[in-house]
Amino acid sequence: MPELTPLISLALLGFGAAIGLLGSVLGVGGGIFMVPFLVLVFGVPIHQAVAASLVAIVATSSAVAAVNVERGLANIRLGIALEVTTALGSVAGALLANRLSGAAVQLLFGLTLLPVSVLMFLKGRRALRHGPAASGPRAAKSSAFDSAFYDPAAGGHTNYEVRNMAPASGVSFFAGSLSGLLGIGGGVVQVPVMNLLCGVPMKAAAATSNFIIGVSAAASAFVYFRRGLVPMELTGVIVTGVLLGSFLGIYVLYKARSEKLQIIFSALTLLVGLKMLFGAI
Amino acid sequence: MFQEKDFNRLIQRTLLGGVFLSVFLMSAGFGLSLAGSPSGPGLLRAGLLALILTPVARVVMLVYGYWRTGESYFALASFVVLAVLAVSMLAG
């Protein structure tokens, strides 16, 4: 465990802020980057690194969701419906963890993410060419999941219908299983599910994903906490940075165009997919 | 009448309350630790625990909120999440 000198504390604070910004804008926890960074750069033991990363995900999720719920960006009904299957999936993943080959799961996950990345990119580029899609005052709802939010980048309200809830719930179960099998938060799956499958605009998908991922991270973080594996001071410094970055990210998410976020997210998906593939081979 | 606006405010306040309580406890913990007080690490630990339990409090509020608005499907869904969460936390 590194000694928290002022320089190391500053580096952890800055790194936490970057992860908080990334997480709040794109709807991912960032654990996939935080764990290797803490282990390789700071020499933090793997279990402590995972524990610190889980607490950081809870921090981003709670801070960001509080503001996004008020702004109508986070779709609570959609979030709770997907949380059910994600939570059940994480239990299934934890039960299967010893029976499946980690490398095989990683390979499958990496291969799945590559076409997802291409689809996200193409959808974002098409939308960028056609301009932002503000849709005027709120229309009548056709399902309990439909919602609307004010989008300053589009200059008006964006209404959207939520489609394909049954297949989306199935994929969320898979996302939950991955968190049990591979120890990742699942935001990198939840955002494309909502955006590509359910038709939720990127900003609302990122905000809703942030709302969802805090719950499963909290369950795992509590287990690490109870076992005394959370490095208190190091996590406290990272969480402070993450909260600063998250509050900055809330502003960026509010102002940014969904289409641009979609293209940035496609790059992130590609990066995670390649990391998984190289990790498996 | 408990409306959607009240519901959103309840969730927002629960989450912000948890985050601010955690920040307060962690700051006090860091400050006291630097001053050499033995209660510093305990407060830091309490701050992190408050943060970890914030999403759980949020799910409890979802069960309550959906029960108040009469949306039984979502109240049940929230309750299932809470149950799975409790089992994972206690059995993990």
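FYI, it's all coordinate maths here, none of it is from the lab. What you see is a predicted model; the values in this text were computed from it and never measured. All Cβ positions, even for glycine, are placed from backbone atoms using ideal geometry, and neighbour counts span all protein chains on display.
Kirkwood hydrodynamic radius of the range A:1-100, from the reciprocal of the average inverse Cα-Cα distance over all distinct pairs: 15.4 Å. When the chymotrypsin sites (Phe, Trp or Tyr not before Pro) in the range A:10-118 are filtered for DSSP coil states and for at most 13 other beta-carbon atoms within 10 Å of their beta-carbon, no site remains.
Taking the Cβ-Cβ separation of A:Leu128 and A:Ala103 as r and a Förster radius of 41 Å, what is the calculated FRET efficiency to the nearest 0.05? Provide the component values of the computation, followed by the final result.
Working: r = 37 Å, r/R0 = 0.91.
In this case the efficiency is close to 0.65.
All Cα-Cα separations within the range B:4-91 were binned at 5 Å from zero, giving a P(r) of 3, 15, 18, 17, 15, 12, 9, 6, 4, 2, 0, each value a whole percent of the pairs.
Largest mean-square fluctuation among A:Pro115, A:Pro201, A:Pro192, in a Gaussian network model of chain A whose springs join Cα atoms under 10 Å apart, belongs to A:Pro115. A Gaussian network model of chain B, with springs between Cα atoms under 10 Å, assigns the largest mean-square fluctuation among B:Gly65, B:Gly36, B:Gly17 to B:Gly36. Pairs of Cα atoms nearer than 8 Å and 6+ residues apart set the relative contact order; for chain A it is 40 percent. Which lysines, on any chain, are close to A:Lys275 with Cα under 28 Å apart, when same-chain ones fewer than 8 places away are left out? Within reach: A:Lys123, A:Lys203, A:Lys260. Calculated FRET efficiency, B:Glu71 to A:Leu95, Cβ-Cβ distance, R0 = 30 Å: about 0.45 to the nearest 0.05. Average projection, convex hull of the Cα set of chain A: 14.0 square nanometres. Note on A:Leu271 and A:Val252: the extension gain reaches 4.7 nm, defined as 0.36 nm multiplied by sequence separation minus the Cα-Cα distance. Measuring r between the beta carbons of A:Glu3 and A:Leu114 and using R0 = 30 Å, the FRET efficiency lands at 0.15. Taking amide H as placed 1.01 Å from N in the peptide plane, the amide H of A:Asp151 sits under 5 Å from that of A:Gly156, A:His157, A:Thr158, each at least 5 places away or on another chain. Rounded to the nearest 10 degrees, the inclination of helix A:202-226 to the longest alpha-carbon principal axis of chain A is 30 degrees.
Normalised by the number of residues in the range B:4-91, the mean separation of alpha-carbon contacts (under 8 Å, six or more apart) gives a relative contact order of 27 percent. Counting only DSSP H runs of at least 4 residues, each contributing -39500 (n - 2.57), and dividing by the residue count of chain A, the helix-based mean residue ellipticity at 222 nm comes to -25000 deg cm²/dmol. The long axis of helix A:165-182 is offset from the longest Cα principal axis of chain A by roughly 10 degrees.
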